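Notes for the one structure printed next.
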Amino acid sequence: RLLASGSNDQTIRIWDTQTGHCLKVLSGHNNAVWSVAFSPDGSKLASGSHSGMVKLWDVRSGKCERSFVGHTGWLWSLAFSTDGQTLYSCSHDRTVRVWNIRDGYCLQTLSGFTNTIWALAFSAEGDTLALGSHDGHVRLWDVASGQFVAMLSQENSVFDVSFDFSGQYLASGGG
């Protein structure tokens, strides 16, 4: 089992969770790495940095395959679609970008948010994307239609969101 961690030293580390050993150190960002996400099959790793840069890595070789350019603010969260073909990123620039991992092109930009989007999470089926925001809202986005279908509210900023494996429950954390 592997675990990835991003760091203030501008690197990503890939760890063996059984031995506790660091297997690889990935370098290539020019700023702190604040978000990492494995693809569903575990072959790719995405990383996002304080500069807004998103990078895609081959886990086995440790080589950077491509960089995704478009965000103009700090990168907060990353999530792969359940088929592993697209990558979603959210930034301090108040956008969510949808990237084609094969060619690096931005397929769609979700914008118009009044506050920073801090967190992203897919339901187990991959049909719903939850977005956690600084304004205390969790927005649910229907992936197939490309439409927002619901908005849930809490008193404070939403810094993280997570669906349970059944897709029936959504947890949000904030402060």
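The values are calculated or read from the model by the stated rules, or taken from the named source; none is laboratory data. From a predicted model like this one, the values you see are computed outputs, not experimental measurements. Cβ sites come from the backbone with ideal geometry, for glycine too, and all protein chains shown count toward neighbours. Heavy atoms of the whole protein, side chains included, go into the accessibility calculation; ligands, DNA and RNA do not. Shrake-Rupley method; radii C 1.70, N 1.55, O 1.52, S 1.80 Å.
Using the structure shown, decide if ARG102 is assigned to a strand (DSSP E or B) and over 17 Å from VAL161 (Cβ atoms).
Details: assigned to a strand (DSSP E or B): no; over 17 Å from VAL161 (Cβ atoms): yes.
Here the answer is no, as ARG102 does not meet what is asked.
Just name the residue that is farthest from GLY52 (Cα to Cα) out of those in segment 115-134 that are open to solvent by 40 Å² or more (accessible area, probe 1.4 Å) and touching a Phe, Trp or Tyr at 6+ places or on another chain (Cβ under 8 Å).
Only one residue tops the list, namely ALA124.
Filter segment 15-36 for residues that are buried (at least 20 other Cβ atoms within 10 Å of the Cβ) and either β-branched (Val, Ile, Thr) or part of a strand (DSSP E or B) (or both); which is farthest from the chain's Cα centre (by Cα)? Spell out how you get there, then give the answer.
First, pick out the residues of segment 15-36 that are buried (at least 20 other Cβ atoms within 10 Å of the Cβ): 26, 29, 33, 35-36.
Remaining after also requiring either β-branched (Val, Ile, Thr) or part of a strand (DSSP E or B) (or both): 26, 33, 35-36.
Values: LEU26: 18, VAL33: 12, SER35: 7, VAL36: 7 Å.
Residue satisfying both the conditions and the ranking: LEU26.
Report yes if THR11 is polar (S, T, N, Q), over 28 Å from GLU125 (Cα atoms), surrounded by 12 or more Cβ atoms within 10 Å (Cβ to Cβ) and without any contact (Cβ under 8 Å) to a residue 40 or more places away in the chain, otherwise no. Write out each step before concluding.
Details: polar (S, T, N, Q): yes; over 28 Å from GLU125 (Cα atoms): yes; surrounded by 12 or more Cβ atoms within 10 Å (Cβ to Cβ): yes; without any contact (Cβ under 8 Å) to a residue 40 or more places away in the chain: yes.
The answer is yes for THR11.
Search segment 63-80 for residues being in contact with a Ser or Thr (Cβ under 9 Å, 6 or more places away or on another chain) and open to solvent by 70 Å² or more (accessible area, probe 1.4 Å), and hand back the single one that is farthest from LEU120 (Cα to Cα).
Among residues in segment 63-80 that are in contact with a Ser or Thr (Cβ under 9 Å, 6 or more places away or on another chain) and open to solvent by 70 Å² or more (accessible area, probe 1.4 Å), the one farthest from LEU120 (Cα to Cα) is THR72.
Using beta carbons and a limit of 6 Å, which pairs, at least six apart or on different chains, have the first residue in segment 17-30 and of a type in the set (A, V, I, L, M, F, W, C) and the second one in a strand (DSSP E or B) and open to solvent by 60 Å² or more (accessible area, probe 1.4 Å)?
Partner pairs satisfying both residue conditions: CYS22/ARG13; CYS22/TRP15; VAL25/ARG13.
Of the conditions (1) open to solvent by less than 20 Å² (accessible area, probe 1.4 Å); (2) in a strand (DSSP E or B); (3) over 20 Å from TRP15 (Cα atoms); (4) of a type outside the set (S, T, N, Q), GLY52 clears all except one; give me its number.
Result: GLY52 fails condition (2) only.
Is it the case that segment 15-33 has a residue that's at pLDDT 95 or above, over 26 Å from PHE113 (Cβ atoms), among the hydrophobic types (A, V, I, L, M, F, W, C) and out of contact with any Phe, Trp or Tyr (no Cβ under 7 Å at 6 or more places or on another chain)?
yes
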